[in-house]
Each structure stands twice: as C-alpha cells, then as structure tokens.
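The values are calculated or read from the model by the stated rules, or taken from the named source; none is laboratory data. All of these numbers come straight from a predicted model, not from anything done at the bench. Positions of Cβ are backbone-derived with ideal geometry, glycine not excepted, and every protein chain shown enters the neighbour counts. SASA here: full protein model, heavy atoms, side chains in, ligands and nucleic acids out. Shrake-Rupley method; radii C 1.70, N 1.55, O 1.52, S 1.80 Å.
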Amino acid sequence: MAWYSEPTAVKKKSIEDLWIKCKKCQSHIYKSEWEENLNVCPSCNYHGSITSYERINLLFDKNTFKELFNNISPIDSLKFIDLKGSYKDKYETAIKKTGISESVVTGHGKINGIEAVVAVMDFRFLGGSLGSATGEKILQAANYAYDNNLPYIVFSASGGARMQEGVLSLMQMAKTCAGIARLNKKNIPYISVLTNPTTGGVSASYAMMGDLNISEPGALIAFAGRRVIEQTIGEKLPDDFQTSEYLLKHGFMDSIVDRKNMKNYLSNVLSFYNR
Amino acid sequence: MTKNKKSISSAWDVVNISRHPNRPILQDYLSLIFTNFVELHGDRYYSDDLAMIGGFAEIGDQKVMLIGHNKGKNVNENIERNFGMANPDGYRKALRLMKLAERFNIPIVTIIDTPGAFPGLEAEERGQAEAIAKNLTEMASLEVPVICVVIGEGGSGGALGIGVGDKILMLSNSIYSVISPEGCASILWRDAKFAPDAAEALNLTASALHKHGVIDEIIEEPGEGAHTNYEKIAESVKSSILRNLEKYINVSIEELIQRRFEKYSGMGKFSVNN
Ligand SMILES: [Zn+2]
C-alpha cells in the first residue's frame, strides 16, 4: 500500500544551493524566503514538506514540547531484502540522515496554552511509511493521551504501510485504530491533520478517523494510487482528484487550513472541548 | 518433482493455490457448513455491494452473523461481484451488520477472500479509506466475539477491513499480505515478474504469519489444496470456528474488549533502547 514515493519539493541543482524550485508553479524562490515562509511557495501557496521538528516548533509554545517514546526504533524482523538491498540498511541510513529513530516523532506540549499530545510523521524517513515502530509510537502516544485525559493530534505524511515489514506493517493499521477507539470511548478529542501525502494504509486507518479531519492545501490524500485506478477503470481522472480540496468537496474533511494558521486553528477548536 | 503432503512449498506455490480457479469460496462454505442463512442487504447509504455479503446464519448449534468477501465461480459471477473487491458500500454494509450482531448479542464470523479493496474512482469519491478505517476502529471495541477466517486471498487493507477479531484463522494455503506480490515486485524490484521473490520476502503464508504472531491458528488443507476436497476442508473450517467460538462463552464484555486491545497492542516487532 506504500505506493507513493515521489519527492514533494524538487530542489534545483545549483552550485550555491540558494534556490528552491516550486514543484507546483515552477517558480524559483530564494531558499531563505522559502524557509521564512514555512516551506510554502509565496507565489502559489504550494505547501512543501517540512520535518517533524520544524512542525513541532511551529505548533508548540516555546520550550513546552517534551518528546516521548523516542527510544523506539525499527528492526528487520523479516530479514527483507529486495533489489536495492536490505531493509536494515535502509532504515539505518534513514536514521542517520534524519536524526530521528522512526517515521514519527511523539510527545506533548502546550498549544497557545492548551496541553496536547502529538504524533508528527516525517516523510523523509522511508517515505513516512507505517512500520511496527511507527505504529507502536502512535499507539503509545494515544495511550498517553488516554491516561492523562489530553487531546491527541496526529500529523500524517506517509505513503502508506511499510512493505518491508509485510503484514506486521498492515497490522499497525488495526493497532493504531484500537488506540483511537479507546479515545473515542473516553470522549477524548482526536484531531487528524492530513498533510502531503497521506495515502494507502495510513489514510485507511488513523488518519481518516479524526473527530476533526483537517488538511493543508493541495495535499494528496488517497487510498489507491492514481495510476492503479486509471489502469483498473480505463478512464482519465479529474485534475483535482485525491487532493484536500476534492476530499473537502466530498465530505471527508472538516477544513483546509494554511500552515501559518494551523496553530491558532487547533488551539481554537480545542478551546471548545468542555469536559 | 514429487511432493509429500508436508513438503515445504515456496511462497509462490502457495500464492497460486490460494488463487486456484477451483478453490472453495464463501458460497461453497455457505452451502456446506452454514444453515438458515438470512441474507441482509445494503449499507443504508448508497448501494448493496455484491462483493461483500452477510446475514444471520447458523453453524452447528451456534447462531452467528456471517460476513464475507464474495468472489464468484465463473467470469459472469465475478463481474457481478467485482471479483470480491468491495467498494466503500461493502465495508459500510459489513459494519452495519456487525453493529446489528452486537445488538442481537450473537458472535460474528468473517470470511476473508479478496485481492484487495476496489481501486476505483467512485471508491475514492465515496471514501474507501474512511470506510476501512472506520471498520478497524469500530471492530476494536465490538462487544461480541469476532472470529475471522482467511480462506483464500487476504489482500491488504481490503482484507483487514473485516479482519479485526479475537481469533484469526487461516487455511494452510491461503495468503495474507500488505501488498500483492506483483505490486510489491513492481515497486521494489521494478518489475512484476519478480513476484515470486516478493512473495517469499513478504512472509505472506499462513505458516510465516503464525510464526510472527499475526494469526492464531492454521487450518490444514487436504491433499494438494482445499480445491481437492471441499467436504473435508469445510468440516475442518466448521470445527475450527466452533472450537474457537466456545472459548468466549464465559468471557465478559469488558474482558473480551481488553483482550482484543492487548492482542492488537502486541502486533509488530520493534526495538526499545533504554
Ligand atoms: Zn509555487
């Protein structure tokens, strides 16, 4: 189910690496301007990807975030080897490259003064794929919210279940949803923020189960891949197919929120929670 | 090459047996081991998805809610039933029947046999992802026992969408996978013809999944596979379902849900560094 592996923002190869080329409108933007604008294109509002810690910095009040469960990391229990080598080599490279131990960072902190638990996925880590350790962290964070009666927010950015863990990764869909089911029973709010991309097994589990489903503009949100669908039905698909805007139109999103407004949006809706 | 019954066949051999054109499907088990089937139609939102059927049924002395993927026996049946690939409507019908079983206080038996949830335009438009996600969430806290039996193909999220239960049983030549071997091969090997390698790597057989703690019981198939003796495999499936249902007779609702939560909390392998 992890069929999405395209990079979200293509860096233009330049000697100084001073420019970013927007993937959507193709404009060249100063890297510093791009970063100041939270990795959002100033000309077309394309929301590029950001790392877990960048998002955490945008979200939480200064010095309030406390990371949890960062001692959980993948193992290669199937000894999976494909054409390009072993799964073990792949995740070890990802750990080195990103400095995080899995495709999600979990913790808690204050959002405009409101305490909340978060899980923030990072697309750089094996395409944000859902592995056993990812599922464990997302469940542990849900359990932390459950035990402490705190709202839970998950930011998804994922191609789907991690093929290299076989059905163990598929089972993470059921495992994470079991955590969400307990929050529902206890009336603890769960907000899902779907960012580009949220596809396959992640969209078909916790990401779609928010009391509120929020997304950033223009995000790809899908169950099956566009190419697979075109091959199956032999028809051309609408241009806006599987975008945040398409899902909003069809009733699956509560709102589309710009990155710069996300923090205030979340603290505002959480302020309505009255238990 | 001759094989004795317990020979170690390759994962790809198992894939082929699981897809054998004569492999018994839900309708065979329906006529061989279930009685008094009262089919219930429709999801109450959009349609009656023929790829997923369900209703009241009896197995032995036990009344159950039977729900399952509905493959066909021939091309016409398969076209009508979309090859057992359900749309969101099918998953929503399944959930409606599960909630009905909960109200009636009868256990649920799900029969899993699908290449996957249908990848179509309308499926996306009507929320395939949401429909499956909802089932996973609701099934986690159903207040009646749920027994799931993989009889053929356990295709990814489409299988899991009716596959969260207290006991997961698998026929010995059935498969359960996060992605089809062909799909995996075309992504990770850049060519679908490496499907046999992908099948091996994915650990999609009943024996591999039992070893990894994903399933609870393997139902041994007769001879060269279930297709060689319908009566025999049907009897084995029946006795396995009944034996597993019996385990829940004296289990309270609280304990049932707690145990199911613990079962799924324990899924997966990872490392914890202190
Ligand atoms: Zn742009």
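Taking amide H as placed 1.01 Å from N in the peptide plane, the amide H of residue A:130 sits under 5 Å from that of A:160, A:161, A:162, each at least 5 places away or on another chain. Given the options B:74, B:87, B:173, state which has the largest fluctuation in a GNM of chain B using a 10 Å cut-off (strictly under) for Cα springs. Highest fluctuation among the options: B:74. Within the stretch A:224-275, which GluC sites (Glu not before Pro) sit in a loop by DSSP and count at most 14 neighbouring Cβ atoms inside 10 Å? Passing both the DSSP loop test and the Cβ count: A:235. Under a 5 Å amide H cut-off, with hydrogens placed 1.01 Å from N, residue A:193 pairs with A:154, A:155, A:156, A:214 among residues at least 5 apart or on other chains. In this structure residue B:224 has an accessible area near 120 Å², from a 1.4 Å probe over the protein heavy atoms. The radius of gyration of the Cα set in chain B, together with its Dmax, comes out at 18.0, 58 angstrom.
Can you tally the net charge around residue B:179? Count Lys and Arg as +1, Asp and Glu as -1, for every other residue whose Cβ sits under 13 Å from the Cβ of residue B:179.
So the environment of residue B:179 carries a net charge of -3.
Straight Cα distances below 17 angstrom link residue A:90 to the lysines A:79, B:269, with same-chain residues fewer than 8 positions distant left out. Computed from phi, the 3J(HN,Hα) profile of the stretch B:242-252 under the Karplus parametrisation 6.51, -1.76, 1.60 (θ = phi - 60°) reads 5, 4, 6, 4, 4, 4, 9, 4, 9, 9, 6 Hz, with x in place of Gly and Pro. Over the residues of chain B, the helix contribution to mean residue ellipticity at 222 nm works out to -12000 deg cm²/dmol, using -39500 (n - 2.57) for each DSSP H run of at least 4. Under the combined filter of DSSP loop state and at most 14 neighbouring Cβ atoms within 10 Å, the stretch A:167-205 retains these trypsin sites (Lys or Arg not before Pro): A:186.
Charged neighbours of residue B:259, selected by a Cβ distance under 15 Å, balance to 0 (K, R count +1; D, E count -1). The Kirkwood radius of the protein assembly as shown, taken over pairs of alpha-carbon atoms, gives through the Stokes-Einstein law at 4 °C and 1.567 mPa s a diffusion coefficient of 54 µm² s⁻¹. Springs join every pair of Cα atoms under 10 Å in this Gaussian network model of chain B, and among B:223, B:155, B:55 the largest mean-square fluctuation is at B:223.
Report, as a whole number in µm² per second, the diffusion coefficient that Stokes-Einstein gives for the stretch B:30-134 at 10 °C and 1.306 mPa s using the Kirkwood radius over alpha carbon pairs.
114
The alpha-carbon of residue B:247 sits under 17 angstrom from the alpha-carbons of these lysines, leaving out residues fewer than 8 places away in its chain: B:63, B:167, B:238, B:263.
Normalised by the number of residues in the stretch B:2-265, the average gap of Cα pairs under 8 Å and 6 or more apart makes the relative contact order 18 percent. For residue A:104, the residues whose modelled amide H falls within less than 5 Å of its own, excluding neighbours fewer than 5 places apart on the same chain, are A:122.
The orientation-averaged projection of the convex hull spanning the C-alpha atoms of the stretch A:37-87 amounts to 6.6 square nanometres. Among B:104, B:34, B:83, the residue with the largest mean-square fluctuation in a Gaussian network model of chain B, with springs joining Cα atoms closer than 10 Å, is B:104. Each residue of the stretch B:115-125 is assigned a 3J(HN,Hα), and the resulting list reads x, x, 5, 5, x, x, 4, 5, 4, 5, 4 Hz, derived from the Karplus form 6.51 cos²θ - 1.76 cosθ + 1.60 (θ = phi - 60°), x at Gly and Pro. Bridgeable lysines around residue A:21 (alpha carbons under 19 Å apart, same-chain partners fewer than 8 residues away excluded): A:11, A:12, A:13, A:31. For the stretch A:199-215, backbone phi angles converted through the Karplus equation (6.51, -1.76, 1.60; θ = phi - 60°) give residue-by-residue couplings of 9, x, x, 7, 5, 8, 9, 4, 5, 8, 9, x, 4, 10, 9, 10, 9 Hz, Gly and Pro being listed as x. Average 1/r across all pairs of distinct alpha carbons in the stretch A:126-256, invert it, and you get the Kirkwood radius: 15.1 Å. For the protein assembly as shown, taking a cut-off of 4.7 Å between Cβ atoms, the unpaired cysteines are A:177, B:148, B:184. Charged neighbours of residue B:102, selected by a Cβ distance under 12 Å, balance to +1 (K, R count +1; D, E count -1).
Other protein chain C-beta atoms within 10 Å of residue C-beta, averaged over A:139-149: 1. Averaging 1/r over every pair of different alpha carbons in chain A and inverting the result gives a Kirkwood radius of 19.1 Å. Of the residues B:253, B:106, ranked by 1.4 Å probe accessible area with the largest first, the sequence reads B:253, B:106. Roughly how much accessible area, to the nearest 100 Å², goes out of reach of solvent when B and A pair up, both sides summed, probe 1.4 Å? Roughly 4700 Å².
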